[in-house]
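Read-outs: derived from the displayed coordinates by stated rules, not from any lab. The shown structure was predicted, so the numbers you read here are calculated from the model rather than taken from an experiment. We place every Cβ from the backbone using ideal geometry, glycine too, and count neighbours over all the protein chains shown.
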Amino acid sequence: MGDMEENLNIHDNSAPIGAGEPSGPETPDGAETENPSEQPFEQPVRQSPRKQRLLLSNLKSLGQLNTPSPQESSIHTMIIVGQIEGHIVLPGKNKTTKYEHIIPQLVAIEQNQNIRGLLIILNTVGGDVEAGLAIAEMIESLSKPSVSLVLGGGHSIGVPIAVATDYSFIAETATMTIHPLRLNGLLIGVPQTFEYLDKMQDRIIKFVASHSEVTEEKFKELMFRTGDLVRDIGSVLIGKEAVNCGLINEMGGIHHALKKLDELIELSAEARKRGLQ
């Protein structure tokens, strides 16, 4: 990591070479000649070691070098990929989205007055059920407009997260897998464990049905369908199928998601103005 820090050069084109040096030939009236070939070029400036370490930390934790400042964009983009990691730390080789990274971001988004909307991009295989459902409930409780876009896949507990936003999109080739809850490892007290799983599963069904156009009966049918999955029961929905059953609002890509989010932001601003009048 030390070598990586030393070799990472983040450039800021703000300091031209020759600043403060005597200028070139001038015209009789004192105006400088404009010769593009003689204009000084801008020299990249190395960021401070502290800033480089911060950027590397963001890259490792959030999967990005830097997040846009409020002056650059009023929309915050949150990416949820791989497995959703909750109470149990997953092996190091797994691509994960950590619960403890997402929750503080959502709190900051709600508090930051410069952020007017949230775009969530999903490509997840699922993961910790309680952590995923908590993330979905946090997204749903935001006072700011939000839009989700499923790319690649929004499987398992990724389904409640996808429908937790005000509006949802899915790419044409993206898939969503719906299946019953599973448990790994040794079970002690099977009847009690089954009752707990049944209650947790009921929470997921009710959440999805209340935040999408799919009914509880239809979602249960998709969850317990046989024949779609080789080693499990459940359903795989591809693009338009997720829209047709009422799970996702619309099929589209990043352009459609951003356009819809802009519309929701404008409607929200108008509603606030009416409330103040």
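Exposure proxy check: THR215, THR226, THR124 ranked by fewest other beta carbons within 10 Å?
THR226, THR215, THR124
Using a 7 Å offset from the Cα along the Cα-to-Cβ direction at both ILE254 and LYS206, what is the distance between the two label points in nm, to one decimal?
Roughly 3.9 nm, to one decimal.
Just for the Cα atoms in the stretch 233-277, what are the lengths along the principal axes, largest first, rounded to whole Å?
Extents along the principal axes: 53, 23, 14 Å.
Setting aside same-chain residues fewer than 8 positions from LYS98, which lysines have a Cα under 20 Å from its Cα?
Here the lysines satisfying the reach criterion relative to LYS98 are LYS60.
Between ASP262 and SER57, how many nm apart are label points set 7 Å from Cα along the C-beta direction?
For ASP262 paired with SER57, the spin-label model returns 3.5 nm.
What dipole magnitude, in Debye to the nearest 20, does the stretch 68-186 give about its Cα centre under +1 on Lys/Arg Cβ and -1 on Asp/Glu Cβ?
Around 240 debye, computed over the stretch 68-186.
Looking at this model, which pairs from LYS144/LYS259; LYS220/LYS260; LYS199/LYS240 are more than 20 angstrom apart at the alpha-carbon?
LYS220/LYS260; LYS199/LYS240
When the label point is put 7 Å from the Cα of LYS95 along its Cα-to-beta-carbon vector, which residues of the stretch 220-260 have a backbone N closer than 11 Å?
none
Cut-off is 10 Å between beta-carbons; in what order do ASP262, ASP202, ASP166 appear when sorted fewest neighbours first?
Fewest-to-most ranking of ASP262, ASP202, ASP166: ASP202, ASP262, ASP166.
Shape verdict for the stretch 86-185, please, from the Cα gyration tensor: rounded (a/c under 1.5), prolate (a/b greater than b/c) or oblate.
Because a/c hits 1.5 or more and a/b fails to exceed b/c, the stretch 86-185 counts as oblate.
Among CYS245, SER212, SER268, whose Cα sits farthest toward the positive end of the charge dipole of the stretch 194-277 (+1 at Cβ of Lys/Arg, -1 at Cβ of Asp/Glu, about the Cα centre)?
Of CYS245, SER212, SER268, it is SER268.
Where in the stretch 74-93 does the label zone of ARG182 land, with the point 7 angstrom along Cα→C-beta and an amide N cut-off under 14 Å?
83-84
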